[in-house]
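What follows is calculated from the coordinates using simple rules that are stated; it is not laboratory data. Everything numeric in this text was worked out from a predicted model, so none of it was measured. Positions of Cβ are backbone-derived with ideal geometry, glycine not excepted, and every protein chain shown enters the neighbour counts.
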């Protein structure tokens, strides 16, 4: 009863998880990632983030579309995103190939579903934290589908592997359950309250799945310093036509307020 009420399911409850995902547009997988494996991947990704800032990681892993190249934290240059994180970190690659994660994606999208890890931004490591120089701390209402409505990659299913538990202190995901079935008419242009929206809090090691058509928004942290840090690894699987290698980001639609 508790899992059904909260949308949180264990690795042995994938039927129920997929049913909740179909009905509400989101669901959480909890208890599928070993803490040692999570911690090792976390350390490797933090190192790649530092390498990107120092200029020792290939520029392919940076983005001026999602991030602000002039972003600073505590007066120092900062990178909120590491793009193509699975090619920079072998341990991140292992995390996104977690059997239960892959199983959910293929149950939802079909056996031919594919991971978008090689084009656009790939799988991204994201570090959201506030501050006067921050380049990313929140994002307004949107659906993932809106980033490329002209593409044939859809349907899609996003996944987010959380390195930090979420709360009002460090920010959290706002979702409108069931909105993946109703289109985008009436979606607010910014951060407004939406009737029926809920907060989806996550624990360290949780994997959150959400439909590409689900309305969602990320709230800004209310704390400062380390208490405000919110880090995760995010990517998407698709059931439509694969993007060609070299597709790039020129046609990416950045529609969400920040």
Burial ordering of 67, 36, fewest other beta-carbon atoms within 10 Å first: 36, 67
Potential extension, residue 12-residue 198 segment - 0.36 nm per residue separation minus Cα distance: 64.4 nm
Candidates 214, 57, 29, ranked by Gaussian network fluctuation over the chain, Cα under 10 Å, top entry: 57
Kirkwood hydrodynamic radius (C-alpha pairs) into Stokes-Einstein, the stretch 8-221, 37 °C and 0.692 mPa s, D in µm²/s: 183
Choice from 206, 34, 164 showing the highest fluctuation, given a GNM over the chain with Cα pairs closer than 10 Å: 34
Candidates 246, 110, 31, ranked by Gaussian network fluctuation over the chain, Cα under 10 Å, top entry: 246
Cβ-based exposure ranking for 179, 137, 90, in which fewest neighbours within 10 Å come first: 90, 137, 179
Estimated [θ] at 222 nm from DSSP helical runs (n ≥ 4, -39500 (n - 2.57)) normalised by residues in the chain, nearest 500: -6500 deg cm²/dmol
Semi-axes of the equivalent ellipsoid for the stretch 119-258, Cα gyration tensor, largest first, Å: 24, 18, 15
Label point distance in nm, residue 97-residue 257, each placed 7 Å from Cα along Cα→Cβ: 4.2
Principal semi-axes in Å for the stretch 1-122 [√(5λ), Cα gyration tensor, largest first]: 32, 16, 15
Residue 250-residue 106 FRET efficiency (beta carbon distance; Förster radius 45 Å; 0.05 resolution): 0.90
